[in-house]
Amino acid sequence: MDDNGVPAKGPLNALVARGLTKTYGKGDARVTAVDHVDLTIPAGRLTAVMGPSGSGKTTLVHLLAGLDRPDSGEVWVGDDEITALKDKQLAKVRGRIVGFVFQGFNLLQTMTARDNILLPLRLNGIERDDEWMNSLVDMLGIGRELDRKPFEMSGGQQQRVAIARALITRPQIVLADEPTGNLDTHASAEILAHLRQSCRELGQSVVMVTHDPTAASYAGTVLLFANGRVDGHITDPTPEAVLAGLDALSGGQR
Ligand SMILES: Nc1ncnc2c1ncn2[C@@H]1O[C@H](COP(=O)(O)OP(=O)(O)OP(=O)(O)O)[C@@H](O)[C@H]1O
Ligand SMILES: [Mg+2]
């Protein structure tokens, strides 16, 4: 068993981290953003990561996605240890297996929403599936934004385009850093229901960082993160249980 109470490594594990550590800065300014984290994210489950601002959640999901290299420790995606891969091979795994929603969206400002969404297909030589594109556009309600550039869209519209870009390749693993932080209740509920459904029906794994207890209650498991470490987990969470878990975290802060 590891930090989130799931049996270690097996065929159903989408993502495994062992001893994952990342520090920033030197001397007095040194921060251990992720501190010897052991983690197993099962396939077919929606996992939420919650914890105080600055506790290391973004750093963790960047390491899990191979967007950043740890100082030490391993990340396994299925049978591949991505921390052992060279940049080129890593980019291949990332492009085909992992979809990422960035906290700040990271859309390309010179491209339309449509081209932003389709970019992962072009970069990875994956054929376009118009039916899937249309169903994502419908689900996310961004039909009218497709010809606009990011600076012509609201924050919530940009966020939904960023979600479409992460899902367009039908990735096995979706890592999403506060994917509903800019959305209204209705849009959030629809997207969360979709993510949960694709975990159940397609065996996708979704790891979602969120500050919202209602969003977290869509997850099968909530990992409570504090000071760079997994500080507890809640299975089949309700918003009330999530709030109580956050209150009980080290230091009692959110
Ligand atoms: N590039 C960087 N250089 C130096 N320090 C960094 C860098 N990125 C993050 N940090 C520090 O690492 C710690 C964890 O940051 P991180 O962004 O992972 O937190 P977070 O839990 O995602 O916070 P939030 O909820 O505010 O998004 C913080 O103390 C932050 O200041
Ligand atoms: Mg963050």
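Scanning region 86-98 for residues that are surrounded by 15 or more Cβ atoms within 10 Å (Cβ to Cβ) and either of a type in the set (A, V, I, L, M) or touching a Lys or Arg at 6+ places or on another chain (Cβ under 8 Å) (or both) gives Leu90, Val93, Ile97, Val98. Just to verify a result, which residue in region 55-72, among those that are within 16 Å of ligand 2 (Cβ to nearest atom) and outside any helix (DSSP H, G or I), is farthest from Pro120 (Cα to Cα)? Checked region 55-72; the qualifying residue farthest from Pro120 (Cα to Cα) is Ser55. Pairing residues of region 35-61 that are at positive phi with residues that are aliphatic (A, V, I, L, M) and near ligand 1 (Cβ under 7 Å from one of its atoms), at Cβ distances under 7 Å and at least 6 apart in sequence or on separate chains, gives Gly56/Ala33. Going by the conditions given, is Val93 at pLDDT below 95 and either within 28 Å of Ala43 (Cβ to Cβ) or part of a strand (DSSP E or B) (or both)? It is true that Val93 is at pLDDT below 95 and either within 28 Å of Ala43 (Cβ to Cβ) or part of a strand (DSSP E or B) (or both). Checked across region 88-101, the condition of being small (Gly, Ala, Ser), under 20 Å from Thr210 (Cα atoms) and within 16 Å of ligand 2 (Cβ to nearest atom) holds for no residue.
Residues in region 30-49 that are in contact with a Phe, Trp or Tyr (Cβ under 7 Å, 6 or more places away or on another chain) and within 16 Å of ligand 2 (Cβ to nearest atom): Val31, Ala33, Val49. On the stretch given as region 202-213, residues that are part of a loop (DSSP other than H, G, I, E, B) and modelled with pLDDT of 95 or more total 3. Being more than 22 Å from Asp130 (Cα to Cα) and away from ligand 1 (no atom under 16 Å from the Cβ) is not true of Ala176.
Per-residue answers, yes or no, for (1) under 15 Å from the mean Cα position of the chain (by Cα); (2) surrounded by fewer than 16 Cβ atoms within 10 Å (Cβ to Cβ); (3) part of a strand (DSSP E or B):
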| residue | (1), (2), (3) |
| --- | --- |
| Val174 | yes, no, yes |
| Asn182 | no, no, no |
| Ile191 | yes, no, no |
| Leu195 | yes, no, no |
| Ala215 | yes, no, no |
| Leu223 | yes, no, yes |
| Glu240 | no, yes, no |
| Ala244 | no, yes, no |
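Is it the case that Arg200 is surrounded by fewer than 18 Cβ atoms within 10 Å (Cβ to Cβ) and of a type in the set (Lys, Arg)?
Details: surrounded by fewer than 18 Cβ atoms within 10 Å (Cβ to Cβ): yes; of a type in the set (Lys, Arg): yes.
It is true that Arg200 is surrounded by fewer than 18 Cβ atoms within 10 Å (Cβ to Cβ) and of a type in the set (Lys, Arg).
Among the numbered conditions (1) at pLDDT 95 or above; (2) within 16 Å of ligand 1 (Cβ to nearest atom), the only one that Met111 does not meet is (2). Residues of region 36-72 that are among the aliphatic types (A, V, I, L, M), within 16 Å of ligand 1 (Cβ to nearest atom) and surrounded by fewer than 19 Cβ atoms within 10 Å (Cβ to Cβ): Leu67 alone.
Gln157 meets the stated requirement of being more than 18 Å from Lys57 (Cβ to Cβ), buried (at least 18 other Cβ atoms within 10 Å of the Cβ) and not small (Gly, Ala, Ser).
Any residue in region 209-220 that is farther than 30 Å from Val31 by Cβ, in contact (Cβ under 8 Å) with a residue 60 or more places away in the chain and among the hydroxyl-bearing types (Ser, Thr, Tyr)? Yes: one or more hits.
When Asp138 is tested against (1) modelled with pLDDT under 95; (2) within 16 Å of ligand 2 (Cβ to nearest atom); (3) in a helix (DSSP H, G or I), only condition (2) is not met. Would you confirm whether any residue within region 73-85 is away from ligand 2 (no atom under 16 Å from the Cβ), in a helix (DSSP H, G or I) and surrounded by 15 or more Cβ atoms within 10 Å (Cβ to Cβ)? Yes. On inspection, His186 qualifies as away from ligand 2 (no atom under 16 Å from the Cβ), in a helix (DSSP H, G or I), closer than 28 Å to Gln157 by Cα and without any contact (Cβ under 8 Å) to a residue 24 or more places away in the chain.
The values are calculated or read from the model by the stated rules, or taken from the named source; none is laboratory data. None of these values were measured; they are calculated from a predicted model. We place every Cβ from the backbone using ideal geometry, glycine too, and count neighbours over all the protein chains shown.
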